[in-house]
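So the structure is just underneath, and the comments pick up after that.
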Amino acid sequence: AHVYEVLHNRAFTDPLFGLGFPAELSALTRIGSTSSAMCFASEEDAATAAVALDFYGVNFYHPVTVAHAPDNATIPFTFADPSAGTPVDAFDWPIQAQALTDVLLALTNRYPGLPPLQVTENGTQTHAGLDDRSRCEFLDAHVGAVDAAIAAGADVREYQHWSLLDGWEFAEGLTRKMGLVEVDPVSQTRTPRASFDHYRSLIARHRGTAV
C-alpha cells in the first residue's frame, strides 16, 4: 500500500510542494533491465516543479484496494476487490465517501503551506435512465465528506461534480452514464435526471460556505 501511494500520489505531490521526489522511487529505478527500468526526474526538476500554486485540484472517484503480491518480481502489490459489504456503483466502482475526507486531510497534514484545495472531479456511474437515486445518495455522501474535511482543518474552496452531461468517458465511450443530465447519443436530446434537481437543492443549502 505504501509503494502504491508513493507511485500514485506522492511522486507528483512531494515535488510540487517542496519535498523533492520520494526516496522510495530511487529503488524502483534499479528494478529490471536498463531499457525497462523506471526513471524519475532529477533534483533540479523537483526544484522547478516546486512553484507557488493558486490551488491544488483533486480528482477523486473511488479508493483502490491493494494487496501483497509475493510472487511479483517487480512491484510487490496487486489490486484487490474491496472488502465484503462495500457498496459499488453500476460498473463496480467502490463507493466510500470517507476516503475523500481521508485524501483531503492527508494532503493537509503532509504539506505545510499547502495551497487551497479544490475537488475538481468527483462522480459516479449509473445505467441509462432518469431515476438515478444512487447518484443522489453519492452526492450527499461526498459533499458531506468535503464538509467533514473542512471541519477537520482542510482548506477546500470548491467542489465540482463530474459531470453535468453524459459524455464520452475515455476507453468506456458512451457506456458510462456520469451526467446529471441524460444525453441521447443520437438525437442529442438533453433530459435532467433526478440528481439534477437534487444537486441543485444540495448546493443551495451550502451557499455561502466553502463547498
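The values are calculated or read from the model by the stated rules, or taken from the named source; none is laboratory data. Just so it is clear, the structure is predicted and the values come from calculations on it, not from any experiment. Cβ atoms come from the backbone with ideal geometry, glycine included; neighbour counts cover every protein chain shown. Side chains included, ligands, DNA and RNA excluded: accessible areas come from the protein's heavy atoms. Shrake-Rupley method; radii C 1.70, N 1.55, O 1.52, S 1.80 Å.
Every condition in (1) outside any helix (DSSP H, G or I); (2) free of Cβ contacts under 8 Å to residues at least 60 places away in the same chain is met by A204 except one, and the failing one is (1). Each residue in the range 153-211 was checked for being hydroxyl-bearing (S, T, Y), over 19 Å from V58 (Cα atoms) and open to solvent by less than 40 Å² (accessible area, probe 1.4 Å), and 2 of them qualify. Is it the case that T108 is of a type in the set (S, T, Y), farther than 17 Å from G179 by Cβ and either open to solvent by less than 70 Å² (accessible area, probe 1.4 Å) or modelled with pLDDT of 95 or more (or both)? In short, yes. Cβ-Cβ contacts under 9 Å between residues 6 or more apart (or on different chains), taken from a first residue in the range 1-30 that is surrounded by fewer than 17 Cβ atoms within 10 Å (Cβ to Cβ) to a second residue that is assigned to a helix (DSSP H, G or I) and of a type in the set (S, T, N, Q), are listed as L19/T13.
Residues that are touching a residue at least 40 places away in the same chain (Cβ under 8 Å) and on the phi < 0 side of the Ramachandran plot: find the strands (runs of 3 or more DSSP E) completely inside the range 40-88 holding 2 or more of those. Answer list for the range 40-88: 56-59. Tell me which residues, restricted to the range 116-141, are buried (at least 16 other Cβ atoms within 10 Å of the Cβ), touching a residue at least 60 places away in the same chain (Cβ under 8 Å), not polar (S, T, N, Q) and not in a strand (DSSP E or B). Passing the criteria: G123, D132, R135, C136, L139. Of all residues in the range 143-153, exactly one satisfies the criterion of being in contact (Cβ under 8 Å) with a residue 60 or more places away in the chain, in contact with a helix residue (DSSP H, G or I) (Cβ under 8 Å, 6 or more places away or on another chain) and over 14 Å from R200 (Cα atoms), namely V146.
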